[in-house]
Amino acid sequence: MSVANAIVRAGKKEDLPAVLELIRELAKYEKMSEQVWNTVEAMEKDGFGSNPIYGLLVAEKESIIVGYSIYYYRYSTWKGKRLFLEDILVTEKERGTGSGKQLFDKTIEIAKQESCTGMMWMVLNWNEPAINFYKKYDARFDEEWVNCHIDF
């Protein structure tokens, strides 16, 4: 594996069009393209407005966004403050270069800096490359919990 030369930095409003395109790339990979309802305008308001509800990191190579990490904080009644990694993605071309590791490591660093007791995320059970990536971090995979949601 080659060493990544990506720059991982805090995302800016100007990055959102490229990030939304990568979100669409992820949705296509997960066979859920029709589920992307988000817009740049909503992401700007929600991440850069007066009350930001998510954080954004981007990986950039030669001034091109090649990956992102979107996270937010949640509260566990058992464990306290946790960082929830909503999404992490690097472009298909960047996979295996270390850019994903850089993003993941920086997200963990933020969780620790913010005094979180841990980090949580979800992965599709068929996404073997992602599962194998997370296993390198000794991630624990829950078999008992069922994800639930309601759309409005």
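Overview of values
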item	result
Leading residue by the ranking (modelled with the lowest pLDDT) among those in the stretch 110-128 that are closer than 26 Å to GLU21 by Cβ and assigned to a helix (DSSP H, G or I)	GLU128
Cβ pairs under 7 Å, 6+ apart, first in the stretch 12-30 and farther than 16 Å from GLY47 by Cα, second surrounded by fewer than 15 Cβ atoms within 10 Å (Cβ to Cβ)	ARG24/SER33; ARG24/VAL36; ALA27/SER33; ALA27/GLN35; ALA27/VAL36; GLU30/LEU124
The stretch 17-36, residues that are over 19 Å from TYR71 (Cβ atoms), assigned to a loop (DSSP other than H, G, I, E, B) and under 17 Å from the mean Cα position of the chain (by Cα)	MET32
Residue within the stretch 3-26 that is under 21 Å from GLU109 (Cα atoms), modelled with pLDDT under 95 and of a type in the set (S, T, N, Q) present	yes
Residue selected from the stretch 1-16 under the condition loosely packed, with under 13 Cβ neighbours inside 10 Å and small (Gly, Ala, Ser), by the criterion farthest from the chain's Cα centre (by Cα)	SER2
Residue within the stretch 133-150 that is over 23 Å from GLY80 (Cα atoms), under 17 Å from the mean Cα position of the chain (by Cα) and touching a residue at least 24 places away in the same chain (Cβ under 8 Å) present	yes
Conditions (1) surrounded by fewer than 12 Cβ atoms within 10 Å (Cβ to Cβ); (2) farther than 25 Å from LYS31 by Cβ; (3) within 17 Å of the chain's Cα centre (by Cα); number of the one not met by MET119	(1)
Those residues of the stretch 58-69 which are loosely packed, with under 15 Cβ neighbours inside 10 Å and not charged (D, E, K, R), in sequence order	SER63, ILE64
Residues located in the stretch 43-54, provided they are free of Cβ contacts under 8 Å to residues at least 12 places away in the same chain and part of a helix (DSSP H, G or I)	LYS45, ASP46
The one condition in (1) over 20 Å from GLY67 (Cβ atoms); (2) without any contact (Cβ under 8 Å) to a residue 24 or more places away in the chain; (3) surrounded by 14 or more Cβ atoms within 10 Å (Cβ to Cβ) that ALA130 fails to fulfil	(1)
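To keep it simple, each residue is scored yes or no on (1) in a strand (DSSP E or B); (2) loosely packed, with under 14 Cβ neighbours inside 10 Å.
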{"position": "GLU41", "(1), (2)": "no, yes"}
{"position": "LEU56", "(1), (2)": "yes, no"}
{"position": "TYR71", "(1), (2)": "yes, no"}
{"position": "ARG82", "(1), (2)": "yes, no"}
{"position": "LEU85", "(1), (2)": "yes, no"}
{"position": "LEU103", "(1), (2)": "no, no"}
{"position": "ALA139", "(1), (2)": "no, yes"}
{"position": "ASP142", "(1), (2)": "no, yes"}
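The values are calculated or read from the model by the stated rules, or taken from the named source; none is laboratory data. The structure presented is a predicted model; accordingly, all values stated were derived computationally and were not measured. A quick note on method: Cβ atoms are made from the backbone with ideal geometry, for glycine too, and the neighbour counts reach across all protein chains shown.
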